[in-house]
Amino acid sequence: MLLIWNRPGFADELTEAERNAIFGEVDVIMKELTESGELVGGDALAHPSQTRTVRPAAGGTEITDGPFVESKEQFAGYLTVDCDTPERAAEIAARWPDVRHGFGVLEVRAVMEQAGTEM
């Protein structure tokens, strides 16, 4: 799984041409992954301001607004890919515009199978 982390609102700071170019790069990668059969799925996430965090509290749980993590970069979306090697997944992540243009990072993590032996 490729976890996409970037700074919320970074795209608002770009010109329309820059946004179109970046999203065009995403479209190219998604098309290639679809054609190769490596794309399993993925989605963008809503703005972090729409987040609710649920955590343990005395006698139950506490629900607060906002993400759990306090950082510039927030979890923005994910891609699930079916690759032959972890290196191939990292290669795909390195091509992602957020990484190439310095807007964010992608975290590459294996998804555990039902048995959970990968931990």
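Do we find a residue being in contact with an Asp or Glu (Cβ under 8 Å, 6 or more places away or on another chain) and in contact (Cβ under 8 Å) with a residue 60 or more places away in the chain anywhere in region 6-29?
yes
Restricting to region 1-45, and then to whatever is of a type in the set (A, V, I, L, M, F, W, C) and open to solvent by 70 Å² or more (accessible area, probe 1.4 Å), can you tell me which residue is nearest to ALA89 (Cα to Cα)?
Here the answer is VAL40.
The values are calculated or read from the model by the stated rules, or taken from the named source; none is laboratory data. Only a predicted model underlies this, so the values are computations on that prediction, with no experimental measurement involved. Note that each Cβ is placed from the backbone with ideal geometry, even for glycine, and that neighbours are counted across all protein chains shown. Just the protein is used for accessible areas: all its heavy atoms, side chains included, with ligands, DNA and RNA removed. Shrake-Rupley method; radii C 1.70, N 1.55, O 1.52, S 1.80 Å.
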